[in-house]
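Any read-out appearing in this document is the output of simple, stated calculations on the displayed coordinates, not a laboratory observation. These numbers come from a predicted model, not from an experiment. Ideal geometry is used to build each Cβ from the backbone, glycine not excepted, and the neighbour counts take in all protein chains shown.
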Amino acid sequence: MSIFVIVILTEVLEIRLFQMTKRKKLSPDPNFDTTKYVVLIIDDEPNWLTLLRIVFERAGFRRIVTALNGDAALHILDQQTPDIIITNINLPDIDGINLCRILRSRPDTKDIPILIHSARGDPDSIQAGLAAGANEYLCKPTPPDKIVQTVTSLLKKKWNGAD
């Protein structure tokens, strides 16, 4: 029972954190057009998908695609190519580390920036994620402006050649 209560309290705190961001626009760079980029977010927790969608919408992103697991993400990737991929490690089918490896082995996804956004913040998980091909690794919970800043930076580096 205590684990259930902790999970509920954690989710309430996460929701409140992200609700605060709904009141302001999260735009790290007014000269960067976020509307033209497709963001694929993969997380097995529907609440996180909703929260991240809100964060990216507040930052001006308009093309946000979500998947609840690795298989669904791979199916989406067979249909379209996003500009950046954000994935959790703890997925019910293919974990985020193996998903990174798969994405780096595919010709159509090998150069897409990947951000791992996970509650697993131990050094071994971070090292494994980066070694598997992730460009960046952020630990949950992450302030919304930090997530947007990281994604914007990765997009600039990849598609504009800027820092």
Convert each backbone phi in the stretch 123-137 into a coupling constant with the Karplus relation 6.51 cos²θ - 1.76 cosθ + 1.60 (shift: θ = phi - 60°), then list the ³J(HN,Hα) values in order as whole Hz, x for Gly and Pro.
-> x, 5, 5, 4, 4, 5, x, 5, 5, 6, x, 5, 7, 9, 9
Distance between modelled label sites at Lys36 and Ala72, nm, 7 Å Cα→Cβ extension | 3.0 nm
Relative contact order for the stretch 35-160 using alpha-carbon pairs under 8 Å, separation at least 6, rounded to a whole percent?
-> 23 percent
Considering amide H positions built from the backbone, and no H for Pro or chain starts, which residues 5 or more places from Asn69, or on another chain, come under 5 Å of its amide H?
-> Asp43
Using 1/(1 + (r/R0)^6) with R0 = 35 angstrom and r between the beta carbons of Asp111 and Asp145, what's the FRET efficiency to the nearest 0.05?
-> 0.85
Could you tally the net charge around Lys36, taking each other residue with its Cβ under 11 Å from the Cβ of Lys36, Lys/Arg +1 and Asp/Glu -1?
-> 0
